[in-house]
Amino acid sequence: MSLAEKVPQALQAKIEKIIDNVKPSPWLNETQKIDYIAKIKALLVEKSAVLIAHYYVDDDIQALAEATGGYVSDSLDMANFGAKHKADKLVVCGVRFMGETAKILSPEKIVIMPTLEAECSLDLGCPIDEFSAFCDQHPDHIVVVYANTSVEVKARADWIVTSSNAIPIVENLMAEGKKIVWGPDRHLGQYINNKTGAEMVLWQGYCVVHDEFKLNELELLMTRYPEAEVLVHPESPEGVIAKADFVGSTKQIIAAGQRSESETLIIATDHGLFYKMNQAAPNKRLIPAPTGDKSATCKSCAHCPWMAMNTLINLYEALRDQTNVIEVDEVMRQRALVPLNRMLTFSRAHGILTAGDA
Ligand code: 13P
Ligand code: SF4
């Protein structure tokens with residue numbers, strides 16, 4: 001068994017244990033929510049801070065980001081927005097790699113997160129020592145990693161990609177005759193490989209949310225809604241991707257839904273996306289792709305346990321006390337900045353970064 005096959009098994013138990021320890025967020029009634037929202041709005045002004053949220057966080061936080069001149073988007077545009085925005089404090093609502101990316105790009109800014117415990121199974125499943133050893137086994141390959149990784153893994157990479165730019169970047173590398181070590185998401189890696197035919201060796205990490213989408217149940221759902229278009233995030237299993245009418249990043253899925261002529265959309269990604277999808281395509285029927293099989297009581301439980309750790313309460317407290325500040329080792333930051341800037345420059349030149357400038 002190769003190193004790449006062994007590591008995720010060893011880490012699976014660790015990832016499950018971390019998920020088991022995720023504390024449920026306290027429930028807020030409408031009056032409490034209004035109170036927190038008002039206090040956060042006042043603090044954002046007082047502290048010259050801007051909110052940057054991922055589509056998977058709570059609807060209330062997404063709405064607050066929009067209402068206060070902040071931004072809600074995919075991981076690529078979040079990074080670009082934070083780097084370009086004039087505020088000296090960025091409040092990143094998402095998971096830790098998103099806060100770290102903001103800090104790598106803007107070391108002079110204070111980057112605050114509602115919680116520093118919001119992990120990502122892709123990041124957890126790709127420890128630097130094992131991944132670096134895997135890269136060393138393929139010295140004639142360049143290293144391309146997904147943005148959902150630690151600063152150290154980014155620093156080890158030649159290129160960083162997100163799901164919105166992975167295909168054109170790999171096509172470009174192929175045209176230069178490059179062979180690729182890919183990490184960490186095995187499904188995204190396989191998808192890129194199938195689309196481009198690039199010579200790639202794949203690390204075997206996975207997203208605990210997207211890995212759960214069930215092909216059989218999706219097929220059943222498609223027979224019930226034959227007119228539906230199926231939109232899939234590429235962290236999903238290969239069989240689910242094969243059923244898709246469209247595959248892309250969270251932001252690209254929203255754009256595809258908006259363009260779609262079909263009144264019904266089946267969507268295989270975290271259901272946090274439905275808030276913005278509904279804004280973009282208000283007259284469409286949105287159906288979550290199934291994660292549960294026949295006996296499951298929850299048919300679609302696609303929600304990231306770490307994104308769910310961002311709440312109005314911890315957002316308010318972190319901003320009030322300036323806690324949960326992201327710190328990044330300067331040597332690592334400078335190394336990670338090189339492939340990150342490559343990605344941003346490429347994306348700008350190819351029109352992939354269409355928003356996010358402030
Ligand atoms: P996007 O880059 O599509 O926002 O994806 C980030 C992520 O973590 C998806 O699970
Ligand atoms: Fe990571 Fe998956 Fe959560 Fe995205 S949804 S942050 S890939 S665990």
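The values are calculated or read from the model by the stated rules, or taken from the named source; none is laboratory data. In this text, all values refer to a predicted model and were calculated from it rather than measured experimentally. Backbone-built Cβ (ideal geometry, glycine too); neighbour counts: all protein chains shown.
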Determine, yes or no, whether Leu11 is modelled with pLDDT of 95 or more and in a helix (DSSP H, G or I).
no
Just to be sure I understand the filter: pairs with C-beta atoms under 6 Å, separated by 6 or more residues or on different chains, first member in the stretch 133-144 and touching a residue at least 12 places away in the same chain (Cβ under 8 Å), second member surrounded by 12 or more Cβ atoms within 10 Å (Cβ to Cβ) and in a helix (DSSP H, G or I). Which pairs pass?
Phe134/Leu3; Phe134/Ala4; Val143/Cys135
If I filter the stretch 17-28 for residues that are surrounded by 14 or more Cβ atoms within 10 Å (Cβ to Cβ), farther than 23 Å from Asp321 by Cα and of a type outside the set (A, V, I, L, M, F, W, C), do I get at least one hit?
no
Determine, yes or no, whether Met343 is touching a residue at least 24 places away in the same chain (Cβ under 8 Å) and closer than 30 Å to Ile34 by Cβ.
no
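Yes/no per residue for (1) outside any helix (DSSP H, G or I); (2) basic (Lys, Arg); (3) modelled with pLDDT under 95:
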residue: Pro26; (1), (2), (3): yes, no, yes
residue: Gln32; (1), (2), (3): no, no, no
residue: Ile40; (1), (2), (3): no, no, no
residue: Val45; (1), (2), (3): no, no, no
residue: Val50; (1), (2), (3): yes, no, no
residue: Ala53; (1), (2), (3): yes, no, no
residue: Ala63; (1), (2), (3): no, no, no
residue: Gly69; (1), (2), (3): yes, no, no
Lys39: out of contact with any helix residue (DSSP H, G or I) (no Cβ under 6 Å at 6 or more places or on another chain), of a type in the set (Lys, Arg), farther than 20 Å from Phe81 by Cβ and away from ligand 1 (no atom under 16 Å from the Cβ), yes or no?
no
Filtering the stretch 206-217 down to residues that are buried (at least 24 other Cβ atoms within 10 Å of the Cβ) and aliphatic (A, V, I, L, M) yields Val209
So which of Gly248, Gly257 is in contact (Cβ under 8 Å) with a residue 40 or more places away in the chain and surrounded by fewer than 24 Cβ atoms within 10 Å (Cβ to Cβ)?
Gly248
Those residues of the stretch 77-92 which are assigned to a strand (DSSP E or B) and either farther than 12 Å from Ala49 by Cβ or more than 16 Å from ligand 1 (Cβ to nearest atom) (or both) amount to Lys89, Leu90, Val91
The one condition in (1) farther than 20 Å from Asp123 by Cα; (2) assigned to a helix (DSSP H, G or I) that Lys103 fails to fulfil:
(1)
For the stretch 218-243, give me each residue that is surrounded by 22 or more Cβ atoms within 10 Å (Cβ to Cβ) and without any contact (Cβ under 8 Å) to a residue 60 or more places away in the chain.
Val230, Leu231, Val232, Ser236, Val240, Ile241
Out of the residues in the stretch 273-296 meeting the condition of being among the charged types (D, E, K, R) and modelled with pLDDT under 95, tell me which one is surrounded by the most Cβ atoms within 10 Å (Cβ to Cβ).
Asp293
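Condition check ((1) closer than 19 Å to Leu344 by Cα; (2) modelled with pLDDT of 95 or more; (3) of a type in the set (A, V, I, L, M); (4) within 16 Å of ligand 1 (Cβ to nearest atom)) across all residues:
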{"position": "Glu100", "(1), (2), (3), (4)": "yes, yes, no, yes"}
{"position": "Val111", "(1), (2), (3), (4)": "no, yes, yes, no"}
{"position": "Asp123", "(1), (2), (3), (4)": "no, yes, no, yes"}
{"position": "Phe131", "(1), (2), (3), (4)": "no, yes, no, no"}
{"position": "Asp140", "(1), (2), (3), (4)": "no, yes, no, no"}
{"position": "Val144", "(1), (2), (3), (4)": "yes, yes, yes, yes"}
